[in-house]
Amino acid sequence: MIGTRASKSLYIQVLIAIIAGVLLGHFFPHIAVAMQPFGDGFVKLVRMMIAPIIFITVVVGIGKLTDTAEVGRIGLKAIVYFELMTTIAMLIGLAVGHIVSPGAGMNVAPASLDAAAVAKYANAPHQGVANFLLAIIPDTIVGAFAKGDILPVLFFAVLFGIGVANIGARGQQMLHVLEEANAALFAVIGIIMRVAPLGAFGAMSFTIGKYGIGSLAQLGILMLCFYVTCALFIFVVMAAVMRLAGLRLWPLLRYLREEFFIVLGTSSSEAALPSLMAKLEQMGCARPLVGLVVPLGYAFNLDGTSIYFTMAITFIAQALNIPLSWGDYALILTVLLLTSKGAAAVTGGGFITLAATLATLNGKVPVAGIVLVLAIDRFMSEARAITNLFGNSVATVFVAWWEGQLDVATARRTLAGGGATAE
């Protein structure tokens, strides 16, 4: 177990690295852009570990269950919660976008839009609900791990865990081996986390050096609205959910401060997934439940991304002076509730989803309008990733409480102490 002092040292190092990256990107942009491999390399290191960790965690958790029907019940409760929260997130995004109107006054002529800049997103085949569900089933077992997609690995892990639970004593021997392997995997994660400051420095340097800060002033209102809306969702909606579970939000945010800075620096919530799972288990959430809910949340519970989608669409319409009716808003919500679930499955998935949603408005808002948010998307990705991180953390705590698999006393004790880095 890494102590609290080591935990504080790491997130302070990450914070310093982020500040250093901003300064380098602002004053020496040409050098800063060359730092991108450090950020990309760190994210790749973490993603390398996600598939085996999820597989072993889920198999061990399910293998120890005496009632395999419990798996289906937990999954169903999680999906119900995810749909409710993403709907609330979208409604908040629409409301803020409609009331504040960050795009009003830009008066962009639709004919002036650079359609070529978004052609790869507008012309990309969108997954669709059926294709997304079919993609959960891997073509081969090896393929699921080779591609690193969370849901196919989770799907196979659930089936394998149920199989292990059904073979009795022989399965228990296998579980012991897997538990030892899991300990080794988290030891590797501990090694990888030591280079988190370097990864955060590289990612932040590249972002500031590539896109700059001053050139984005005209789009600052949208960025400010988005950040404020994400904060509103976290500190109001998420706080209310935590209260229902008998806990408070702020201690949880403090407990996950290390993960917060890692996500802030890399703009990827996946970078914090392994340590997040370990910390949620440490604070009193049952291990099998954590292994199911967290990976599901990374595909179905994208609260920050949901807010971004609705705000981006309203911004584009306002910038082009195109009024949207309540019927249009209802259509946007309905489409996004179905299509946004695959947004994190592929690179550029967010823009593909935006393009597909605009296309459902029968040409009322041109798909090429997403070029208006291309320049600031990288800056808004931090808020999306952070909101997704906290949203999935609260979701796991709530589902554990709902299922009766949250040790509230342990959670309060752990959160009160701020928490050491998980084993």
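The values are calculated or read from the model by the stated rules, or taken from the named source; none is laboratory data. Please read all numbers here as calculations on a predicted model, not as lab measurements. In this analysis, Cβ positions are derived from the backbone assuming ideal geometry, glycine residues included, and neighbour counts consider all displayed protein chains. These area figures cover heavy atoms from the full protein model, side chains too; ligands, DNA and RNA do not enter into them. Shrake-Rupley method; radii C 1.70, N 1.55, O 1.52, S 1.80 Å.
Brief remarks on what is shown
- Distance (nanometres) between label positions extended 7 Å along Cα→Cβ at residue 257 and residue 188: 3.1
- Taking a straight Cα-Cα cut-off under 16 Å and skipping sequence neighbours fewer than 8 places away in the same chain, the aspartates and glutamates within cross-link reach of residue 210 are 40, 377, 382.
- With a 1.4 Å probe rolled over the protein heavy atoms of all chains, the accessible area of 80, 14, 367 falls in the order 80, 367, 14, largest first.
- When both segment 159-195 and segment 242-276 are represented by their alpha-carbon centers, they are found 24 Å apart.
- Residue separation of residue 169 and residue 16 scaled by 0.36 nm, minus their Cα-Cα distance, works out to 50.0 nm of gained length.
- Apportionment of accessible area to carbon and sulfur, segment 150-197, percent (1.4 Å): 69
- The residues of segment 162-300 expose, per residue, 38 Å² of accessible area to a 1.4 Å probe.
- Gain in span if fully extended, residue 228 to residue 321, counting 0.36 nm per residue against the direct Cα distance: 31.1 nm
- Tensor-based shape of segment 149-258 (alpha-carbon gyration tensor, a/c under 1.5 rounded, otherwise prolate or oblate): prolate
- Counting only aspartates and glutamates at least 8 places from residue 77 when in the same chain, those with an alpha carbon closer than 12 Å to its own are 403.
- Shape of segment 45-97, Cα gyration tensor, a/c cut at 1.5: oblate
- Accessible area of residue 281 (1.4 Å probe, protein heavy atoms only, ligands and nucleic acids ignored): about 70 Å².
- For segment 25-71, the per residue solvent-accessible surface stands at 49 Å², with DNA, RNA and ligands left out and a 1.4 Å probe.
- With R₀ fixed at 60 Å, the C-beta to C-beta distance from residue 180 to residue 107 puts the FRET efficiency at about 0.40.
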